[in-house]
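Notes follow once the structure below has been shown.
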């Protein structure tokens, strides 16, 4: 089955800096890669996603890049703000025809004011 | 759009009792709903997948007789934890698929504490 590795597990940055979270996946058939933000005590919220026919997608301060050959994808947050502090999960979906995502272990992002 | 609610947000129950958690898609019809369990500082663990009108598919290691799932309509799925024990205490999260099969929208979660 699919295996998703996510790094780092914890990321601490100063407000205004950029943050990058990286994920790798094992199943080359996976073709949908969402990113979720989970605040303390809440459910995950989809913040951005990318499909395998696209190399990069951007939404304001958030961008995701995908390298299908290397089987890795990354989340980029620019001009970080304290409210960006949360746990971020990547996921890979579509391998073996399954629409059930395989999640990474999560990255705790801390943005210091 | 694509809002999913859960009720209750938190519940405390005594050991041996049963508790029901509701998951509703508020502004779309969810052909498929998923139930996850999350331990502190851990990732989401898929418990089961339910399609409207059919039996849920449970992941390996999840006791189907303990975690009863019903998906009676396109907007409602319920998870009943039967004969709860302290080790069942956890954060339970549902998600719903709009039919654009890869997209899932998560509910806010339910914190279950069994005393």
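The values are calculated or read from the model by the stated rules, or taken from the named source; none is laboratory data. Just so it is clear, the model here is predicted, and its values are computed rather than measured. Don't worry about glycine lacking a Cβ; one is built from the backbone with ideal geometry, like all the others, and counts go over all protein chains shown.
Overview of values
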| item | result |
| --- | --- |
| Residue ID - modelled with the highest pLDDT, chosen from residues in the range A:88-103 that are within 7 Å of another protein chain (Cβ to nearest Cβ) and within 14 Å of residue B:42 (Cα to Cα) | A:89 |
| Members of the range A:27-48 found to be over 17 Å from residue A:106 (Cβ atoms) and modelled with pLDDT of 95 or more, listed by number | none |
| Where residue A:24 falls short, out of the listed (1) in a strand (DSSP E or B); (2) in contact (Cβ under 8 Å) with a residue 60 or more places away in the chain; (3) surrounded by 14 or more Cβ atoms within 10 Å (Cβ to Cβ); (4) more than 12 Å from every other protein chain (Cβ to nearest Cβ) | (2) |
| Search result, residues across the range B:72-86 that are touching a strand residue (DSSP E or B) at 6+ places or on another chain (Cβ under 8 Å) and free of Cβ contacts under 8 Å to residues at least 60 places away in the same chain | B:72, B:74, B:75, B:76, B:77, B:78, B:79 |
| The one condition in (1) over 26 Å from residue B:2 (Cβ atoms); (2) crowded, with 18+ Cβ neighbours inside 10 Å; (3) within 12 Å of chain B (Cβ to nearest Cβ) that residue A:32 fails to fulfil | (1) |
| Failed item, numbered, when residue B:53 is tested on (1) closer than 22 Å to residue B:111 by Cβ; (2) in a loop (DSSP other than H, G, I, E, B); (3) free of Cβ contacts under 8 Å to residues at least 60 places away in the same chain | (1) |
| Enumeration of residues in the range B:67-103 that are within 24 Å of residue A:101 (Cβ to Cβ) and assigned to a loop (DSSP other than H, G, I, E, B) | B:74, B:75, B:98, B:99, B:100, B:101, B:102, B:103 |
| Given (1) surrounded by fewer than 21 Cβ atoms within 10 Å (Cβ to Cβ); (2) more than 26 Å from residue A:94 (Cα to Cα); (3) modelled with pLDDT of 95 or more, number of the condition residue B:81 does not satisfy | (1) |
| Test for residue A:16: is it at the interface with chain B (Cβ under 10 Å from one of its Cβ atoms) and either at pLDDT 95 or above or over 14 Å from the mean Cα position of the chain (by Cα) (or both) | no |
| Options A:74, A:108, A:52: the member that is under 14 Å from the mean Cα position of the chain (by Cα) and within 14 Å of another protein chain (Cβ to nearest Cβ) | A:108 |
